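The values are calculated or read from the model by the stated rules, or taken from the named source; none is laboratory data. As the structure is a prediction and not an experimental result, all values here were calculated from the model. Note: ideal-geometry Cβ built from the backbone for every residue, glycine included; neighbour counts use all protein chains shown. Please note that ligands, DNA and RNA were not included when accessible areas were found on the heavy atoms of the full protein model with its side chains. Shrake-Rupley method; radii C 1.70, N 1.55, O 1.52, S 1.80 Å.
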Amino acid sequence: MRLALFDLDNTLLGGDSDHAWGDWLCARGILDGATYKARNDAFYQDYLAGRLNIADYLNFSLEILGRTEMAQLQAWHEQFMAECIEPIILPKGLALLERHRAAGDKLVIITATNRFVTAPIAARLGVDSLLATECEMAGGRYTGRTTDVPCFKEGKVTRLERWLGEQGLSLEGSSFYSDSINDLPLLERVTQPVAVDPDPSLRAEAGKRGWSIISLRD
């Protein structure tokens, strides 16, 4: 079975779900609209530049999960999905997923964004297999900390290789779609790397290597 791997943010979505979640919380006064948003924006710029300290970012972004009851988090996420995610689901992204589905490929979303934010999005996109940065839980609620290897840069390769072993699958004939230079380690491992509306660094790298460059934006 061939694997079709997809980054999520700015690839299948016309925006970044992780950054949008922080903005959504600030807009509703749940988090401080000045201090939190400034740090959130700074971390996002570091991510775009390929210099994000993932440990620092996770300590910052997951704190809200640790101090909020699960029922409240789920209610917030339902609103967030309706208000922020639905409008940025790309029709061409859905069509791409369907083409791979129709071809009999196994669809996998592999994202640095945490599972709390992304699991409902993957379900909405009809993708059953999700590799994401994991949120630690204890006593039926989040602790505000991460666990396992963050699904970021080389960590995506580590997490994927473990999952492949568990599933008895390989990367033979695989494809991976991503917008970000942060995903270079995984793009180098698959049979068919595809740069999707790539950032400038990935566009340059894809051009040098002769990789496909596509757009899913209208």
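Points worth noting:
- Residues that are touching a strand residue (DSSP E or B) at 6+ places or on another chain (Cβ under 6 Å) and either of a type in the set (Val, Ile, Thr) or not in a helix (DSSP H, G or I) (or both) do not occur anywhere in segment 157-165.
- Some residue of segment 29-52 being surrounded by 14 or more Cβ atoms within 10 Å (Cβ to Cβ), within 20 Å of residue 217 (Cβ to Cβ) and among the aliphatic types (A, V, I, L, M): yes
- Residues of segment 1-28 satisfying the condition of being part of a helix (DSSP H, G or I) and either open to solvent by 50 Å² or more (accessible area, probe 1.4 Å) or not acidic (Asp, Glu) (or both): 17, 19, 20, 21, 22, 24, 25, 26, 27
- Among residues of segment 166-218, those that are in a helix (DSSP H, G or I), within 18 Å of residue 3 (Cβ to Cβ) and open to solvent by 60 Å² or more (accessible area, probe 1.4 Å), counted: 2
- Residue in segment 87-100 that is open to solvent by less than 60 Å² (accessible area, probe 1.4 Å), among the small types (Gly, Ala, Ser) and within 19 Å of residue 147 (Cβ to Cβ) present: no
- Hits in segment 124-147 (condition: open to solvent by 70 Å² or more (accessible area, probe 1.4 Å) and either closer than 18 Å to residue 109 by Cβ or free of Cβ contacts under 8 Å to residues at least 60 places away in the same chain (or both)): 124, 128, 137, 139
- Residue within segment 112-122 that is open to solvent by 30 Å² or more (accessible area, probe 1.4 Å) and in contact with a strand residue (DSSP E or B) (Cβ under 8 Å, 6 or more places away or on another chain) present: yes
A quick yes/no check of all residues on (1) touching a helix residue (DSSP H, G or I) at 6+ places or on another chain (Cβ under 6 Å); (2) among the charged types (D, E, K, R); (3) under 28 Å from residue 139 (Cβ atoms):
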{"position": "2", "(1), (2), (3)": "no, yes, no"}
{"position": "16", "(1), (2), (3)": "no, yes, no"}
{"position": "37", "(1), (2), (3)": "yes, yes, no"}
{"position": "56", "(1), (2), (3)": "no, yes, yes"}
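- Of all the residues in segment 94-126, those that are among the aliphatic types (A, V, I, L, M), under 13 Å from residue 5 (Cα atoms) and under 13 Å from the mean Cα position of the chain (by Cα) number 4.
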